[in-house]
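The values are calculated or read from the model by the stated rules, or taken from the named source; none is laboratory data. These numbers were taken from a predicted model, which means no experiment stands behind them. Every residue, glycine among them, receives a Cβ derived from its backbone with ideal geometry; neighbour counts consider all protein chains shown. The protein model used for the area step is the full one, side chains on, heavy atoms only, and it has no ligands, DNA or RNA in it. Shrake-Rupley method; radii C 1.70, N 1.55, O 1.52, S 1.80 Å.
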Amino acid sequence: MARFQTLQRTIEVPDGVTVEVNGKTVKVKGPLGTLQEDLSHLPVEIAQSGREVQVSVTWPRKREIGMLGTAAAHVRNMIRGVTKGYRYNLRTVYAHFPVTVKVDEKAKALKVENFTGEKTPRSAQILDGVKVVVKGDDITVEGIDIKAVSQTAANIQNSTKIKKKDLRVFLDGIYIDTKTSLETPAGPAKVK
């Protein structure tokens, strides 16, 4: 297999977004907010010229080629976050015991009460910069940082994990339903 001297990925910066590169720290400002990420753990070089951000690696092996794509994806996700944002819709599913879901703003947690008839409530951590809204059986998780939004949605889903029972029979829980941007209308997804 032939090795390349340098490989490069170019990311276009849309209008209304400013990107600042300081070493391996990338700061992105847009209409929805500001995101900053340190990519010093990746063996890539990040440079900016005009309305483009170049991520490159010299004499890459297979591992470095993969990290090049990872670094480019991080920058793309930050740009998309400050322009469109991220929204995850979750749905509460229960068979017998009606589940009550409440957001505790003070403790930055989501409380799930009466899950499968349990007396003690289960809780899930809500990360900084994430907004959680509960309407009936639907839960909406919104924000501009994809890592914080997806981790909060995963925390909510994992808080209702059923243990020591047959998962084919006990289907109760909170599950991720759809992943969209903030531009799309909120609410449950319509199935045609």
With -39,500 (n - 2.57) per DSSP H segment of 4 or more residues and division by the full residue count of the chain, the 222 nm estimate, nearest 500 deg cm²/dmol, is -6500 deg cm²/dmol
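Return the carbon/sulfur percentage of the accessible area of region 28-127, one whole number, probe 1.4 Å, all protein chains in place.
Values: 2750 of 5460 Å².
Answer for region 28-127 is 50 percent, counting heavy atoms of protein chains only.
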Kindly express, to the nearest 10 degrees and within the range 0 to 90, the angle between helix 62-83's C-alpha long axis and the longest C-alpha principal axis of the chain.
70 degrees
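From the Cα gyration tensor of region 119-186, with a ≥ b ≥ c the square roots of its eigenvalues, which class applies: rounded if a/c is under 1.5, or else prolate if a/b is larger than b/c, or else oblate? Walk me through the numbers on the way to the answer.
Working: a/c = 2.15, a/b = 1.76, b/c = 1.22.
Prolate, since a/c reaches 1.5 and a/b exceeds b/c.
Give me the percent of Cα-Cα pairs in region 46-90 that sit more than 14 Å apart, rounded to a whole number. Don't jump to the answer; show the numbers that get you there.
Details: 604 of 990 pairs.
When all Cα pairs of region 46-90 are counted, 61 percent exceed 14 Å.
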Starting from the eigenvalues of the Cα gyration tensor, five times each then square-rooted, give me the equivalent ellipsoid semi-axes of the chain, largest first, whole Å.
39, 19, 14
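Can you give the relative contact order of the chain as a percent, counting alpha carbon pairs under 8 Å and 6+ residues apart?
Relative contact order, the chain: 20 percent.
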Quick one: which of Lys29/Lys84; Lys108/Lys147; Lys102/Lys164; Lys111/Lys161; Lys131/Lys179; Lys119/Lys163 span more than 19 angstrom between C-alpha atoms?
Lys102/Lys164
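When ranked by the protection proxy of mean other Cβ atoms within 10 Å per residue, highest first, what sequence do the peptides 162-172, 107-117, 32-42 form?
Working: 162-172: 9.7, 107-117: 16.5, 32-42: 14.8.
The densest-packed peptide leads the list: 107-117, 32-42, 162-172.
Find the accessible area per residue for the chain; the probe is 1.4 Å, ligands and nucleic acids are left out, and the unit is Å².
Details: 11650 Å² over 192 residues.
Value returned for the chain: 61 Å² of accessible area per residue.
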Using alpha carbons only, how many degrees (0 to 90, rounded to 10) separate the axis of helix 146-159 from the longest principal axis of the chain?
30 degrees
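Near Val99, within a Cβ-to-Cβ distance under 13 Å, what is the net charge of the other residues, with Lys and Arg +1 and Asp and Glu -1?
Here the count lands on -1.
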Give the span of region 61-140's Cα atoms along each principal axis, as three whole-Å numbers ordered largest to smallest.
54, 28, 22
